[in-house]
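Structure first, then comments.
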Amino acid sequence: MSDIAQHVAVSDRVDIEDLDWDLARKHGLTDQEVESLKFFADIESQTVYYFLEVAKLQVARDPDLLTFLTMWNYEEYFHSHAITRLMEECGVKLESATERSTQVRKNARLKAKLEDFAQTMMAKVVPQRFVALWMFWGALQECLTMQAYEEVIRSTKNPVLAELFRRIAKQERRHFAYYFNQARDRLADNKGNQTFCRFIAKHFYAPVGSGVKTDAQSAELVARLFPNERIFEVMSYIERRMAQLPGMAGLDACTRWAAKIQPMLPADLRAASVPQIGGSKPSGGRAAA
Ligand SMILES: [Fe+2]
Ligand SMILES: [Fe+2]
């Protein structure tokens, strides 16, 4: 079965109706969890705007790509919706997921607008290269997203939050696999695409959602999830996964970003030491969904 057919077969909104909300309330959420959950919900809710930006481009009018984007956007919408519901059930006062999403977008900074513009230009001038970048970038961001959900699953004492995040993480793994396999096909035997993606990662990598927060805000939110040295472990894990793509051996954009944000962080989140940057081994293979 092709990647896209596999995706169509299993795509669905994340199921939350059977979750035990009484149990969720009994365990409650820590202040840190509430902050993280708001951040996750905000980022998930922004997917529709990325979708709108890319869907208007001629290059996205490929039937397989449009099919994937539609399901991806649908699933991400319900991630935000489900996280918002959990917070509400636990007594956190919030606007609806859609209201939050509109509000967050309104605050989208000049950076996000410039990104949209640069994306449009790139898609016009070098459409196939742009699609390679879109897939590569998607893999990079979904990989971080998976790590973020898994971090909460490991740390939370709330079994309902853990179960919800296990369900969401399962979908994130599938998103990652799709982007990764698409990126692999588009980077294989194409030095130009490889160089271009490496260049963009080197100069512009920042975790998803950075365009709608200030640099310091998004750095702190990511570092609260992965405090101190943990951020470097996670970033180097992502780089090792990405190094399995053609031409991506030794990618160090994520570690560089983590090193760059250290001075912006509150003292309790900073790493005691910054690791030496660079060096991952290449290998082949497809990502499993
Ligand atoms: Fe998601
Ligand atoms: Fe995702």
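Tabulated data for the structure shown
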| read-out | value |
| --- | --- |
| Among residues of segment 159-168, those that are crowded, with 22+ Cβ neighbours inside 10 Å and of a type outside the set (Val, Ile, Thr), counted | 3 |
| Residue check for Thr145: closer than 30 Å to Thr30 by Cβ, away from ligand 1 (no atom under 11 Å from the Cβ) and hydroxyl-bearing (Ser, Thr, Tyr) | no |
| Members of segment 12-55 found to be within 16 Å of ligand 1 (Cβ to nearest atom), over 18 Å from the mean Cα position of the chain (by Cα) and of a type outside the set (A, V, I, L, M), listed by number | Asp12, Asp15 |
| Matching option when the condition is touching a Gly at 6+ places or on another chain (Cβ under 9 Å), more than 16 Å from ligand 2 (Cβ to nearest atom) and closer than 29 Å to Arg270 by Cβ, among Thr255, Thr214 | Thr255 |
| Selection within segment 50-69 - surrounded by fewer than 18 Cβ atoms within 10 Å (Cβ to Cβ) and part of a helix (DSSP H, G or I) | Leu52, Glu53, Ala55, Gln58, Val59, Pro63, Asp64, Leu66, Thr67 |
| Members of segment 56-93 that are in contact with a helix residue (DSSP H, G or I) (Cβ under 6 Å, 6 or more places away or on another chain), away from ligand 1 (no atom under 16 Å from the Cβ) and either of a type in the set (Val, Ile, Thr) or under 25 Å from Val125 (Cβ atoms) (or both) | Leu57, Val59, Ala60, Asp64, Thr67, Val92 |
| Matching residues in segment 152-171 - criterion: being part of a helix (DSSP H, G or I) and either farther than 22 Å from Arg13 by Cβ or free of Cβ contacts under 8 Å to residues at least 60 places away in the same chain (or both) | Ile153, Arg154, Ser155, Ala162, Phe165, Arg166, Ala169, Lys170 |
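Every read-out reported here was derived from the displayed coordinates using simple, explicitly stated rules and does not represent laboratory data. Computed from a predicted structure; not experimentally measured. For neighbour counting, all protein chains shown are included, and Cβ atoms are generated from backbone atoms with ideal geometry for every residue, glycine included.
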